[in-house]
Amino acid sequence: MAEVISAPAALGAAAHRVLLRSTATATTAADRWLFVVAPGVPLPERLADAGVLRHGPGEWVALPPTSWPSGPTYWLVEPQVVRWEPATAEVVHGVLVNALLVSSATRLPGMRGQSWL
């Protein structure tokens, strides 16, 4: 059993550069990055405030190969690459929080949504 952490594109891409091949990862045409994680760990509030979602028991997420009117979803790291073992949610949460902090620290006042990364 697993859960999925869904992050906005910029945050997800930054996290993926750190996570690399540590968990199954997909991207959607709706600009979301999906990280497969071990279940049972609540999402930190600061991530929820940044638009990160936790999909757990009783919910579903369209993983590849799924196509939507907006476009297909793609695996960046296929589950077999990580031997079908999801990363712990704490690790993915930590990487996302760090990416969020770096993103916040690199924005200049008055430059909404822009970053110097």
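The values are calculated or read from the model by the stated rules, or taken from the named source; none is laboratory data. All of these numbers come straight from a predicted model, not from anything done at the bench. For neighbour counting, all protein chains shown are included, and Cβ atoms are generated from backbone atoms with ideal geometry for every residue, glycine included.
At-a-glance table
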read-out: Any hit, the range 34-43, residues being among the small types (Gly, Ala, Ser) and modelled with pLDDT of 95 or more; value: yes
read-out: Any pair with Cβ under 9 angstrom, 6 or more apart, that starts in the range 1-24 at a residue that is more than 16 Å from ALA62 (Cβ to Cβ) and in contact (Cβ under 8 Å) with a residue 40 or more places away in the chain and ends at one that is part of a helix (DSSP H, G or I) and hydroxyl-bearing (Ser, Thr, Tyr); value: ALA10/SER103; LEU11/SER103; ALA14/SER103
read-out: Subset tally (residues that are closer than 23 Å to VAL41 by Cα and either crowded, with 16+ Cβ neighbours inside 10 Å or in contact with a His (Cβ under 7 Å, 6 or more places away or on another chain) (or both)) for the range 75-87; value: 5
read-out: Residue match in the range 51-74 (condition: surrounded by 11 or more Cβ atoms within 10 Å (Cβ to Cβ), more than 10 Å from the chain's Cα centre (by Cα) and part of a helix (DSSP H, G or I)); value: no
read-out: Which listed residue is more than 20 Å from ALA99 (Cβ to Cβ), touching a residue at least 40 places away in the same chain (Cβ under 8 Å) and touching a helix residue (DSSP H, G or I) at 6+ places or on another chain (Cβ under 8 Å), from GLY51, GLY40, GLY56; value: GLY40
read-out: Given (1) at negative phi; (2) modelled with pLDDT of 95 or more, number of the condition SER67 does not satisfy; value: (2)
